[in-house]
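Data first, discussion second: the structure below is written as structure tokens.
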Amino acid sequence: MTDTMSQPTSSASPEPGSGGRVFSGVQPSGLPHVGNHLGAFGNYIAMQDGFESIYCIVDYHALTSTHDAERIRRATREMALGLLALGLDPDKAVLFRQSDRPEHLELMWLFASVTPMGWVERTPSFKEKRRMQPDDVNTALFNYPVLQAADIAIYKADYVPVGKDQAAHLELAREIVRAFNSRYGEVFPEPQAVFSDAPIVKGTDGANKMSKSLGNVIEIFADEDTIRKQIMSMVTDTERQRLTDPGRPEVCNVCQMHKIFSPDDYEDIWEGERRATTGCVATKKLLAERMLGYFAEARERYQQLKASPEVVEEVLAAGAATLAPKAAETIAECHERMGLAPRH
């Protein structure tokens with residue numbers, strides 16, 4: 001797999017090999033799509049070289065909107081499988097399932113005691129989920145941002161690779177950490193965001209963020225015909241009605257994708273659009289070839305892992321076991337600071 005995002009970009013500008021600890025959590029939404037990879041997962045993989053990297057599939061969070069047990073199990077396995085296929089290396093990074101480390105929930109409760117309700121009410125995630133599921137505004141949904149802060153803080157992460165659309169959520173985590181430290185002393189570092197080069201990836205509709213719920217994704221691990229059809233359905237420059245009309249690659253979603261998947265000649269592709277010497281159909285077909293080539297190794301690894309599902313479960317269990325001492329140490333420290341029963 002060609003890696004065009006070999007270096008992370010960050011508000012904190014971390015240096016590979018600096019010894020910083022990285023944490024990020026991802027919803028168990030099934031197999032990753034192109035937007036997932038460009039928005040965050042590329043940074044996950046880049047940062048496993050030179051950083052202490054911890055990545056979590058947040059199945060506790062999934063309970064705020066999904067109440068189908070088998071769906072959560074399946075989606076968790078698929079997400080783990082996809083991450084491993086894309087290049088996440090268990091020998092370099094820890095990958096685990098959130099519910100295998102229930103200490104996250106205990107730290108969430110401790111953090112909730114220093115988190116004003118107003119902080120949570122203003123977060124984009126709570127507002128959006130309340131709008132999306134008005135008949136299921138459960139208490140877990142309200143506490144979601146506090147658990148998110150606990151996920152990061154329990155391992156005292158220095159950096160969190162996210163898309164820029166998640167910046168507000170990370171800022172709340174930083175506020176909660178500051179509130180805890182102010183009341184109980186310096187326990188947690190304030191995590192810094194590490195933004196990807198492609199923080200918001202538009203879907204095939206050319207208007208909205210790529211999302212499974214909107215049905216506008218380009219899959220990574222589907223069969224080739226499905227992927228080609230998804231790419232051929234992409235909305236391009238809406239003002240280019242005829243082949244002879246000059247295009248505007250700066251606003252064309254297909255051209256923007258070529259900047260990532262055709263790094264060596266995207267400028268030539270863009271020029272062809274501007275001069276109307278190439279049409280949208282040809283540009284889409286070329287993108288399909290480039291994208292399939294980019295993910296060829298990942299697709300091959302996916303088939304291998306799919307044939308050995310026990311490997312994925314072993315990776316998740318080993319990751320949780322690796323983190324057990326650190327999670328216990330953090331909870332014990334909090335108990336001491338907050339006057340709770342000692343942990344041994």
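The values are calculated or read from the model by the stated rules, or taken from the named source; none is laboratory data. No experiment lies behind these values; they were computed from the predicted model shown. Every residue, glycine as well, gets a Cβ built from its backbone with ideal geometry; the counts of neighbours run over all protein chains shown. Remember, those area values only see protein heavy atoms, side chains included, never the ligands or the DNA or RNA. Shrake-Rupley method; radii C 1.70, N 1.55, O 1.52, S 1.80 Å.
Counting only Cβ charges, +1 for Lys and Arg and -1 for Asp and Glu, the dipole size of the stretch 135-177 around its Cα centre is about 220 debye.
In a fully extended conformation the segment linking Glu300 and Thr244 would gain 16.2 nm over its present Cα-Cα distance, using 0.36 nm per residue. Farthest toward the positive end of the dipole of the chain, out of Phe96, Phe126, Cys280, is the Cα of Phe126, where the dipole comes from beta carbon charges about the Cα centre. The alpha carbons of the stretch 258-304 stretch over 44, 19, 8 Å along the principal axes, in descending order.
Could you state, as a whole-number percent, how many of the C-alpha pairs of the chain are farther apart than 27 Å?
Numbers: 28703 of 58996 pairs.
Counting pairs separated by more than 27 Å, the tail of P(r) holds 49 percent.
Set the Cα radius of gyration of the stretch 202-339 against 2.2 N^0.38 Å, with N its number of residues, and you get 1.55.
Calculated accessible area for the stretch 169-287 comes out at 50 Å² per residue, all protein chains present (probe 1.4 Å; ligands, DNA, RNA ignored). Mean residue ellipticity at 222 nm, helices only, the chain: -15000 deg cm²/dmol; runs of at least 4 DSSP H residues each add -39,500 (n - 2.57), and the sum is divided by the number of residues.
If you take the Cα centroid of the stretch 171-220 and the Cα centroid of the stretch 77-102, the two points sit 18 Å apart. The reciprocal of the average 1/r between distinct C-alpha atoms defines the Kirkwood hydrodynamic radius, which for the stretch 168-233 equals 15.1 Å. Considering only DSSP beta bridges whose two residues both sit in the chain, what percent are antiparallel, to the nearest 5? Percentage antiparallel, nearest 5: 10.
Around His335, under 10 Å between beta carbons, what's the net of Lys plus Arg minus Asp minus Glu among the other residues? Spell out each step's value before the answer.
Values: positive: Arg337, Arg343; negative: Glu106, Glu333, Glu336.
Local charge sum for His335: -1.
When the Cα convex hull of the stretch 214-285 is projected onto planes of every orientation, the mean area is 5.1 nm².
Per residue, the Cα convex hull of the stretch 267-341 amounts to 198 Å³. Our summary gives the chain a relative contact order of 22 percent, counting only alpha carbon pairs under 8 angstrom and 6 or more residues apart. Taking Cα atoms only, the orientation of helix 280-294 departs from the longest principal axis of the chain by about 50 degrees. To test your reading of the geometry: what angle, between 0 and 90 degrees and rounded to tens, separates the Cα axis of helix 167-184 from the longest principal axis of the chain? With rounding to tens, the tilt is 10 degrees. Apply the Debye scattering formula to the stretch 50-180, with a single equal point scatterer on each alpha-carbon and no solvent, then give log10 I(q)/I(0) at q = 0.13 Å⁻¹. Taken in order of the listed q values, log10 I(q)/I(0) reads -0.58. May I ask for the net charge around Leu316, where only other residues with Cβ less than 12 Å from the Cβ of Leu316 are counted and Lys, Arg are +1 while Asp, Glu are -1? My count for the surroundings of Leu316 gives -1.
Compared with the dominant principal axis of the Cα atoms in the chain, helix 296-306 is inclined by about 50°.
Using only the Cα atoms of the stretch 125-207, each taken as one equal point scatterer with no solvent, compute I(q) by the Debye sum, divide by I(0), and report log10 of the ratio at q = 0.18, 0.27 Å⁻¹. Taken in order of the listed q values, log10 I(q)/I(0) reads -0.87, -1.22. How much of the calculated P(r) for the stretch 198-239 lies past 17 Å, in percent of all Cα pairs? Looking at the stretch 198-239, the distances longer than 17 Å represent 29 percent of pairs. Take the alpha carbon atoms of the stretch 143-162, find their center, do the same for the stretch 269-319, and report the distance between the two centers in whole angstrom. Cα centres, the stretch 143-162 to the stretch 269-319: 30 Å.
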